[in-house]
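Remarks on the structure that follows.
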Amino acid sequence: MSNILIGVSGGIAAYKIPILCRKFIQAGDSVKVILTENAAKFVTPLTLETLTKNRVYLDDFLTDISPRDIEHIDLAEWADIFIIAPATANTIAKMACGIADNLLTSTYLAYKTEKPLFICPAMNTNMYQNPATVDNLNKIAQRGVNIISPIEGELACKDVGIGKMQEPEIIFEAVKDKLSACNVLNGLKVIVTAGPTIEDIDPVRYISNRSSGKMGYAIAEMAKKMGADVTLISGPSNLKTSLNVTKVKSAINMLNVLKQKVEDCDILIMAAAVADYRVENISDIKIKKSSNELHLKLIKNPDILFELSKVKREGQVFVGFAAESNDLEENAVLKLKMKNLDMIVANDIKREDIAFDSDYNEVIVFNKKGSKLTIKKDKKEVIAEKILKEIKAYING
Ligand SMILES: Cc1cc2nc3c(=O)[nH]c(=O)nc-3n(C[C@H](O)[C@H](O)[C@H](O)COP(=O)(O)O)c2cc1C
């Protein structure tokens, strides 16, 4: 049983919210509702109060409760799950900008970002496809808000097109499905490595690779959302995350940090693009461009997964990545065996539309029991969730 907070903004689909409330109440959840001033013109507090057996929350400055509670803080703390449905273009824009000028948007800001939040946009097709709304939705999706996208259909304005809010039954199922996925990694300690490593030539120059870290960061964030205790170890990257990150620079740094931490983890996911070679003699001073040629001797870096496989405990799951430009499947399966991995995630780095620095990826996951799963092109967050579910299925046998 969960505490469900439903924020209703002023769209015509607000008339469906009593049915959504009923679905959660029938499932044994407690429901409280916030109405914006405009939403209260579409659906009455009385209907919602009767169904939820809770007071309906209108704008803070409109209610006169004594002694005055700080409702946006209390509601944000009370809720295990926050659903904003329907979410108007206006409320979505405020969420994207952090504007908190009513109880619903103040509660949104006060609600801890690691707790599940869903929004169900509903509006006229042109409003939905307006670049301002598209940008606003992308912004909040990137901050981890789950968007239950509207569908095509006949809209209240009689237009036919995309913008119709999903039916309450579908919203209910989508929320419950997401939440059951949220707990699948509960109690598991996961280490994720991400980003490139860099290998110094001198105090100014270095050798590195094109990894942005996006895939590894997406996996780490998704693992956290799915209930894992996550340690993210990252090579140099400008990506922002709310997770604590242990920053490392070179392959040797990364190996040393992992050697200290790996014993304690249940799952190690090596998404970092570790440099295969380093400069043998790093110059302490900037190398002058006095001659026409500069010869660097590169020596092999340790293979991190191979090194760690020597100390791998029974029951630990090690997952590697294979970024390949040719013979993707053959090379990935060979690596899986050579490095004694449980699983390998292969991606084709030749494709311009996925992989390096892209928000999208497409991968094939092989495990040592012989299974092969192709995960079609999608946002890296979605790919991350599918990889993690595949790891969990492997653990469950
Ligand atoms: C009859 C009517 C229906 C509306 N339906 C929608 C809608 O479905 N989606 C939407 O984004 N805005 C809709 N609007 C516009 C919003 O009500 C308006 O942008 C308002 O400022 C939203 O306020 P709120 O986000 O604080 O609730 C509608 C307005 C009216 C008068």
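The values are calculated or read from the model by the stated rules, or taken from the named source; none is laboratory data. The structure displayed is predicted, hence computed values, not measured ones. With ideal geometry, Cβ positions are generated from the backbone for all residues, glycine too; neighbour counts draw on all protein chains shown. What goes into the accessible areas is simple: the full protein's heavy atoms, side chains included, and nothing from ligands, DNA or RNA. Shrake-Rupley method; radii C 1.70, N 1.55, O 1.52, S 1.80 Å.
The table below lists the values:
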read-out: Residue list for region 217-262, filter: in a strand (DSSP E or B) and of a type in the set (Ser, Thr, Tyr); value: Thr231, Ser234, Thr246
read-out: Residue ID - modelled with the highest pLDDT, chosen from residues in region 163-185 that are part of a loop (DSSP other than H, G, I, E, B) and out of contact with any strand residue (DSSP E or B) (no Cβ under 9 Å at 6 or more places or on another chain); value: Val184
read-out: Considering residues of region 163-185 that are within 16 Å of the ligand (Cβ to nearest atom) and open to solvent by 20 Å² or more (accessible area, probe 1.4 Å) only, the residue farthest from Asp359 (Cα to Cα); value: Glu167
read-out: Residues of region 117-158 classified as open to solvent by less than 50 Å² (accessible area, probe 1.4 Å) and closer than 19 Å to Ser9 by Cβ, total; value: 20
read-out: Test: residue in region 35-47 that is in the same structural domain as Ile119 (by TED's automatic domain parsing), within 30 Å of the chain's Cα centre (by Cα) and more than 10 Å from the ligand (Cβ to nearest atom); value: no
read-out: Within region 45-59, considering residues that are in a helix (DSSP H, G or I) and hydrophobic (A, V, I, L, M, F, W, C), the one surrounded by the most Cβ atoms within 10 Å (Cβ to Cβ); value: Leu48
read-out: Given (1) polar (S, T, N, Q); (2) closer than 12 Å to Phe118 by Cβ; (3) touching a Gly at 6+ places or on another chain (Cβ under 6 Å), index of the condition Asn183 fails; value: (2)
read-out: Subset of region 186-210 (residues that are in a loop (DSSP other than H, G, I, E, B) and surrounded by fewer than 22 Cβ atoms within 10 Å (Cβ to Cβ)); value: Asn186, Gly187, Leu188, Ile198, Ile201, Asp202, Pro203, Val204, Arg205, Ser208, Asn209, Arg210
read-out: Those residues of region 1-34 which are closer than 23 Å to Lys164 by Cβ, of a type in the set (A, V, I, L, M, F, W, C), open to solvent by 20 Å² or more (accessible area, probe 1.4 Å) and away from the ligand (no atom under 12 Å from the Cβ), in sequence order; value: Ile19
read-out: Gly213 farther than 30 Å from Leu5 by Cα and either touching a residue at least 12 places away in the same chain (Cβ under 8 Å) or open to solvent by less than 20 Å² (accessible area, probe 1.4 Å) (or both); value: yes
read-out: Positions within region 375-397 being more than 20 Å from Lys224 (Cα to Cα) and open to solvent by 70 Å² or more (accessible area, probe 1.4 Å), in sequence order; value: Lys376, Lys377, Gly397
read-out: Residue among Asp327, Asp359, Asp264 that alone is in contact with a strand residue (DSSP E or B) (Cβ under 8 Å, 6 or more places away or on another chain) and either buried (at least 20 other Cβ atoms within 10 Å of the Cβ) or under 25 Å from Lys380 (Cα atoms) (or both); value: Asp359
read-out: First in region 278-305 and among the polar types (S, T, N, Q), second anywhere and open to solvent by less than 100 Å² (accessible area, probe 1.4 Å) and in a strand (DSSP E or B), Cβ under 7 Å, 6 or more apart; value: Asn301/Arg278
read-out: Ser250 hydroxyl-bearing (Ser, Thr, Tyr), crowded, with 17+ Cβ neighbours inside 10 Å and assigned by TED's automatic domain parsing to the domain that holds Met338; value: yes
read-out: Qualifying residue in region 279-290 (condition: outside any loop (DSSP other than H, G, I, E, B) and within 21 Å of Glu390 (Cβ to Cβ)); value: no
read-out: Wholly within region 68-162, helices (runs of 4 or more DSSP H) carrying at least 1 residues that are in contact with a strand residue (DSSP E or B) (Cβ under 9 Å, 6 or more places away or on another chain) and within 10 Å of the ligand (Cβ to nearest atom); value: 89-97, 103-110, 125-129, 131-142
